[in-house]
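Trainee: Please read through the structure below; I'll follow up with questions.
The values are calculated or read from the model by the stated rules, or taken from the named source; none is laboratory data. Since the structure is predicted, the reported quantities are computational estimates derived from the model, not experimental observations. As a convention, Cβ positions derive from the backbone with ideal geometry for all residues, glycine included, and neighbour counts pool all protein chains shown.
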Amino acid sequence: MSFALFIPIKESMKELRLQLKNALPMLQPRIKMLIFMKRAGNTAVSKRELMDSVGACSQSIHNWRTSYKDGGIEALLFNGRKGNVGKPSIFSKEDHKKIEKKLNDPKNGLAGYVELKQWVKDEFNKDVKYNTILKYASRHFGSKVKAARKSHVKKDEKAAETFKKTLRKK
């Protein structure tokens with residue numbers, strides 16, 4: 001059973017609210033925990049109360065309280081990540097721009113991601129998996145698996161205009 005633990009909060013409410021406003025979403029619950037503890041005043045706050053108010057699990061609350069007690073707000077807000085974390089993109093910025101131009105061109109004739117995959121293979125000489133193309137295009141360009149076209153790709157614009165002019169209106 002977890003007992004109520006009193007940890008004096010050094011920061012003022014104004015500072016905490018400013019930190020909360022400017023914090024990343026993953027760090028906001030930590031600051032909310034400090035605000036809840038500060039509002040409690042000189043009374044101890046249990047893990048259960050903090051869990052209910054912040055919406056985090058008991059282990060997270062335990063880790064956050066310990067890191068604040070040991071190192072202050074700097075240790076609490078340290079997330080351990082350095083720079084751009086993650087796998088680098090398989091497409092360069094030039095490749096990205098070419099793909100964007102190809103996808104946004106209404107006359108491109110691409111019927112789906114299989115054709116886009118083949119175009120990427122021909123254009124950039126990169127053999128990319130279908131799922132990779134699908135996720136990349138949907139994440140960066142908002143494309144969907146199926147999209148209705150306003151008109152046919154090979155539609156003759158002059159013929160359409162002539163048809164509209166000769167159409168008899170009632």
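Trainee: Provide a single number: the residues in region 116-127 that are surrounded by 13 or more Cβ atoms within 10 Å (Cβ to Cβ) and farther than 12 Å from Asp95 by Cα.
Mentor: Total satisfying the criteria: 2.
Trainee: Of (1) under 20 Å from the mean Cα position of the chain (by Cα); (2) outside the structural domain of Leu116 (by TED's automatic domain parsing); (3) not hydroxyl-bearing (Ser, Thr, Tyr), Glu100 satisfies all except one. Which?
Mentor: Among (1) under 20 Å from the mean Cα position of the chain (by Cα); (2) outside the structural domain of Leu116 (by TED's automatic domain parsing); (3) not hydroxyl-bearing (Ser, Thr, Tyr), Glu100 violates only (2).
Trainee: Among the numbered criteria (1) within 26 Å of the chain's Cα centre (by Cα); (2) among the aromatic types (Phe, Trp, Tyr); (3) at pLDDT 90 or above, which one does Trp119 miss?
Mentor: The failed condition is (1).
Trainee: Return a yes/no flag: does region 105-115 have any residue that is hydrophobic (A, V, I, L, M, F, W, C), more than 30 Å from Tyr130 (Cα to Cα) and either assigned to a loop (DSSP other than H, G, I, E, B) or touching an Asp or Glu at 6+ places or on another chain (Cβ under 6 Å) (or both).
Mentor: Taking region 105-115 and keeping what is hydrophobic (A, V, I, L, M, F, W, C), we get 110-111, 114.
From the residues that got through so far, the ones that are more than 30 Å from Tyr130 (Cα to Cα) too are none.
Checking region 105-115: not a single residue is hydrophobic (A, V, I, L, M, F, W, C), more than 30 Å from Tyr130 (Cα to Cα) and either assigned to a loop (DSSP other than H, G, I, E, B) or touching an Asp or Glu at 6+ places or on another chain (Cβ under 6 Å) (or both).
Trainee: Tell me whether region 98-107 contains one or more residues that are modelled with pLDDT of 90 or more, exposed (fewer than 12 other Cβ atoms within 10 Å of the Cβ), out of contact with any Cys (no Cβ under 8 Å at 6 or more places or on another chain) and under 26 Å from Lys154 (Cβ atoms).
Mentor: Checking region 98-107: not a single residue is modelled with pLDDT of 90 or more, exposed (fewer than 12 other Cβ atoms within 10 Å of the Cβ), out of contact with any Cys (no Cβ under 8 Å at 6 or more places or on another chain) and under 26 Å from Lys154 (Cβ atoms).
Trainee: Could I ask something else about it? Determine which single condition Ala56 fails, assuming it passes every other condition in (1) within 12 Å of Leu76 (Cβ to Cβ); (2) assigned to a loop (DSSP other than H, G, I, E, B).
Mentor: (1)
Trainee: Let me ask something additional. Check Lys47, Lys69, Lys32 and return the single one that is surrounded by 17 or more Cβ atoms within 10 Å (Cβ to Cβ) and over 28 Å from the mean Cα position of the chain (by Cα).
Mentor: Details: Lys69 fails: surrounded by 17 or more Cβ atoms within 10 Å (Cβ to Cβ); Lys32 fails: over 28 Å from the mean Cα position of the chain (by Cα).
Of the residues listed, the single one that is surrounded by 17 or more Cβ atoms within 10 Å (Cβ to Cβ) and over 28 Å from the mean Cα position of the chain (by Cα) is Lys47.
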